[in-house]
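The values are calculated or read from the model by the stated rules, or taken from the named source; none is laboratory data. Computed from a predicted structure; not experimentally measured. A quick note on method: Cβ atoms are made from the backbone with ideal geometry, for glycine too, and the neighbour counts reach across all protein chains shown.
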Amino acid sequence: MLSFAAYSEGKLADKVNLSGAYLVGSDDIPLRADITFAKGIISCKKRAAGPAGLALLWDVPGVGSILLETIRVQERDRPYVLQVELARGRLMRLLNKLEDWGLLDHADLSEVLSQVDGVRGLLIQALQADSPAEAARIGEEALRQAVLVSEELSLHYAALLLERKKQSGGLSRPVFGCTIHLDKPSELSRKRLASAFDFVTVPIVWRDIEPSEQTFNWKPLDAWVELLSKHNIPIRGSALLSFSEKQVPDWLYIWEHDFDTIRDLAFEHACRVINRYGQYIQTWVVASGIHATNCFTFNFEQLMELTRMTAALTKQLCPRGTAIIELVAPWGEYYARNQRTIPPTLYADMAVQSGINFDAFGLKCLFGLAMDGMYVRDMFQVSAMLDHYCKLGKPLHITGVEVPSSTERRPSDVESGVSAVDGGMWHEPWSEEIQAQWLRQFAEIALSKSAIETIAWQEFVDHQDQMIPHGGLLRADLTPKTTYNRLVEMRSELFG
């Protein structure tokens, strides 16, 4: 069994937040395990052989409450010191990335690289400490410094690459987009969209389009498509195929054990949507998150068949259009709890290797909720994750990105227990200013990657149905938040 001793103020901790905790193997695939906490010790009973690391939400002074991973360790009788292993995990990943990024001998980074050496020195002290409590204290400081310097290096590297990308002409419109909510469109919302974005994503929700079998409601979608096309605003359609509970019509569950029928019904749905809007929409998310959210518990082969079918149909009906396969929860935490899902990297690899006819991957990066895939990560982790997906051999689009702008609970959050605090925080509690700073840094890192072509904010306007509370760029009355104004400024800086 793996176990970790967590210390607080020189003694074993009274409590540890394990709400998002999971184990991850040496291949970075999450592992099934029973994780418990008692008397300062986190015990991890894993169901697979080999070394593993623990990932959990941890408070790092000056950085926030973020999901961090320890180094991969072997099972042993006595517990590892959690803070030391978290620091070792971050230092190892930082050194690997410095080599990948070619920054180990960079002339302008001598001071920052000396900080990395300082982290290494602290870790040596922690490993030589006289007691576990002292090791934890030193490890905590090593972790703090390691996370801060890794974020700094990530931003420095992004600035270098972004400047090269701009000079080589690799950064061109359209770049920024967002997803609208299908409420009644207004001229003010249209103007706000045109001022900040190069394209707009319209949500294609099967549940809303066909609430009863063969009974259709196209009006909300028609209104938005008409408005956007009238003003020559490019439109992206998302998503033709999704098996989340919020997307699937209730009547479809009648066929939940009949794969062939659901496949045929999905084919008909996609045909109807593309035939109706194909002249207005040239970029389609053909499948979204079916590797992670699968309310029908289809197996691997069935999910790949559905992906292939929808992508082929899209390319047939819109031969000049762009077909995107969207990945969600990019670290794949959900797989540790539900083995009927597919790790995102495995699903992506199979989509490429099996010859599915599609043009690009999409990636959703949503943070701030206490849900798998949405716990807060720091910018170094984000940059390293994007590097991984950029190596898949396909262009990459950030099809949805979002963090909260407030920690205030909405009335619906009180009932559901959801909070924008429980999923962690980045440097300071979420506010409009922190949301704006986060978007700026995320956008700079993402756009610096050669494979990434566009970035779309997940929600344009705050509304009661949105997944992440206060995640929109506009308030419910359509007044701009700080983040919206900063995005307009950033777009102007990049393109004039």
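The table below gives the values:
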{"read-out": "Conditions (1) in contact (Cβ under 8 Å) with a residue 24 or more places away in the chain; (2) under 21 Å from residue 93 (Cβ atoms): number failed by residue 71", "value": "(1)"}
{"read-out": "Residue 360 vs. criteria modelled with pLDDT under 95 and either under 30 Å from residue 18 (Cα atoms) or more than 13 Å from the chain's Cα centre (by Cα) (or both)", "value": "no"}
{"read-out": "Residue list for region 109-133, filter: more than 31 Å from the chain's Cα centre (by Cα) and touching a residue at least 40 places away in the same chain (Cβ under 8 Å)", "value": "126, 127, 132, 133"}
{"read-out": "Residues that are surrounded by fewer than 19 Cβ atoms within 10 Å (Cβ to Cβ), not in a helix (DSSP H, G or I) and not small (Gly, Ala, Ser), drawn from region 271-293", "value": "279, 280, 282"}
{"read-out": "Hey, residue 53 buried (at least 20 other Cβ atoms within 10 Å of the Cβ) and assigned to a strand (DSSP E or B) or not", "value": "yes"}
{"read-out": "Region 253-263: number of residues that are surrounded by 15 or more Cβ atoms within 10 Å (Cβ to Cβ) and touching a residue at least 40 places away in the same chain (Cβ under 8 Å)", "value": "2"}
{"read-out": "Only listed residue being surrounded by 23 or more Cβ atoms within 10 Å (Cβ to Cβ), at negative phi and among the β-branched types (Val, Ile, Thr), chosen from 116, 147", "value": "147"}
{"read-out": "Residue satisfying condition, being of a type in the set (A, V, I, L, M) and not in a strand (DSSP E or B), within set 71, 66, 42", "value": "71"}
{"read-out": "Filter result for residue 266 (within 27 Å of residue 27 (Cα to Cα), at pLDDT 95 or above and surrounded by 19 or more Cβ atoms within 10 Å (Cβ to Cβ))", "value": "no"}
{"read-out": "Count - residues of region 297-341 that are among the aromatic types (Phe, Trp, Tyr) and surrounded by fewer than 19 Cβ atoms within 10 Å (Cβ to Cβ)", "value": "1"}
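So that you can scan it fast, the table gives a plain yes or no per residue for (1) of a type in the set (A, V, I, L, M); (2) within 17 Å of residue 465 (Cβ to Cβ); (3) assigned to a loop (DSSP other than H, G, I, E, B):
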position: 220; (1), (2), (3): no, yes, no
position: 248; (1), (2), (3): yes, yes, yes
position: 265; (1), (2), (3): yes, no, no
position: 269; (1), (2), (3): no, no, no
